[in-house]
Amino acid sequence: MNDMEIYWEAASRIAGVAGLILTGCVLNRFGTPFLQNKKYARVPGMVYAAVMLVLYVFPWYNGLLIVNVFGMAAFFAAMCAVDKRNIRQKAFLAVTGYLLKWITGGFSHVLWGILGESVLLSDGLADKPVFSLVVYCVMETVFLAAAFGIQILACDMIGRAYVCKKENMTRREFLLMLSPFMLILLGYFIFAYWENMYRRDMGMYIEDTHPEHMWIQFCYQVLSFVAMLTVIVIYQNIKGIRRQEQENAVLAQQMATMERHIGEVEALYRDIRGLRHDMGNHVMILENLLEKGEREEAAAYLSEWKKQGDGGASERKSGNPVTDVILTEKKKEMEEKRIHFTCDFHYPQGTNINAFDISIILHNVLDNAIYGAAQCPNPYIRLRAYRRKNAYMIEISNSLLQEIPIEEESGLPETTKGTGGEHGYGLANVKRVAARYFGGIDIVQSKTEFKLTVMLMLA
């Protein structure tokens, strides 16, 4: 092997190594949004690149299917090691990444077939080996950059289509999603098998004698990518509809609770009207006793009346009877669960804010706070409301056993299934109520405390 052949071999090897490293970077970008542990989110892509680089030094590498399978299997195993949740989703991502690598590689292959070979095999470079090597290195750099850009674009499109990244993929969803992808994978294996058989039997690449094969494969790859994107979009739409149904179910349950509370308030008003009637009788009796000079009898009667009145006193005075009922009910629930409750809540009198909307907010934030605090050894909940210029703020803090994962897309805590039903869906309703008043929500948490602030703008 002469010096030029060594240089050509070195340039080809360097291009191959660079391509594997860039693919590892793309997989990092593709997989990171699906992982909860962001600290080690880059590990799967690095493991893929390391495994592929080790396999690349073997003489039987040559782009064999089994080598790519090993690489994606290593990527899948590393994702599972970093984040042990939702294994089915990670298996689906590994298959998706495998197909994207082949599809984007096909785009680059077409680009090289159109421009690369026509330039390198031109008459002007045939007798200029050094210049030809330089042109080859420049073109490899350009095509590597183009391939990297195409891979990034394809992965970003898939990532944007896959909205509910942190939601679990059920077994049924996994099988339904994987079925069309396996058909695409079968087509890939058929193309690869045919190309390898032709090269082994004829001693040349099939594109050398049948250039139309490259375009047939390219069309299949384009259609495959469109199909993958369509399947993911449909899946996410179904998940979105299901999530909306669950949020509506939570809201319907809360509306039924509101109706019960309104009934309790009406009963309270009836009691107040009866109390006003009784007060008139009590006052008349006291006046008669005082007119007769029976002060001791009047004092005893007044003392007994006061005791009876204290027994029926309302526990909360927030400025609105509906919120009074909610706070009293939640306080009793906290007492049963031994949660220390501190409340400084005042209803925004004389504003455009509807009592029903405030009730939805209080129900959801207090339910979530009780759910989170009840798991702690020293549970507490602090609720307060205040006005800041033209904004009404509701702030609730609760003790926390461990930090809650936040969904990047919605900015809300991940939903969980508890014994009391779907937990976490109610905060989406809180966010919608806040948006109706041109406000929003803000979440701040540490290892021991979760703090939620709801802002509503006043008209």
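The values are calculated or read from the model by the stated rules, or taken from the named source; none is laboratory data. Small disclaimer: the values here were computed from a predicted structure and weren't measured. Here the Cβ positions follow ideal geometry from the backbone for every residue, glycine too, while neighbour counts run over all protein chains shown. Ligands, DNA and RNA are stripped out before the accessible areas are found, and what is left, the full protein with its side chains, is counted by its heavy atoms. Shrake-Rupley method; radii C 1.70, N 1.55, O 1.52, S 1.80 Å.
Could you rank 367, 357 by how accessible they are, 1.4 Å probe, largest area first?
These residues rank, largest area first, as 367, 357.
Mind scanning 84/451; 389/447; 239/331; 101/128; 90/451 and naming the pairs with a C-alpha gap bigger than 30 Å? As for pairs spanning more than 30 Å Cα to Cα, those are 389/447; 239/331; 101/128; 90/451.
Peptides 4-15, 27-38, ordered by how many other C-beta atoms sit within 10 Å of their residues on average, highest first, read 27-38, 4-15. In this simple spin-label model, placing a label point 7 Å from the Cα along the Cα-to-Cβ direction at both residue 352 and residue 194 gives a separation of 6.5 nm.
What FRET efficiency comes out for residue 131 versus residue 406 if R0 is 51 angstrom and r is the Cβ-Cβ distance? Round to the nearest 0.05. Each step should come with its number before you reach the end.
Working: r = 56 Å, r/R0 = 1.10.
According to the calculation, E is roughly 0.35.
Our estimate of slack between residue 338 and residue 241, defined as 0.36 nm per intervening residue step minus the Cα-Cα distance, is 31.2 nm. Stretching the chain fully between residue 57 and residue 157 yields a gain of 32.7 nm (0.36 nm per residue, less the alpha carbon separation). The shape of the stretch 1-104 comes out prolate: with a ≥ b ≥ c from the C-alpha gyration tensor, a/c is at least 1.5 and a/b beats b/c.
Under the 0.36 nm per residue contour assumption, what length would be gained going from the current alpha-carbon distance of residue 458 and residue 388 to full extension? Mind showing how you got there, number by number?
On the way: separation 70, 0.36 × 70 = 25.20 nm, distance 1.00 nm.
24.2 nm is the gain from fully extending residue 458 to residue 388.
Residue ranges 436-444, 92-100, 348-356, 67-75 sort as 92-100, 67-75, 436-444, 348-356 when ordered by packing (mean number of other C-beta atoms within 10 Å per residue, highest first).
Label-to-label distance, residue 111 versus residue 436, with points set 7 angstrom from Cα along the beta-carbon direction: 5.1 nm. Summing charges over neighbours of residue 438, with a neighbour being any other residue whose Cβ is under 14 Å away from its Cβ, gives +3 when K and R count +1 and D and E count -1.
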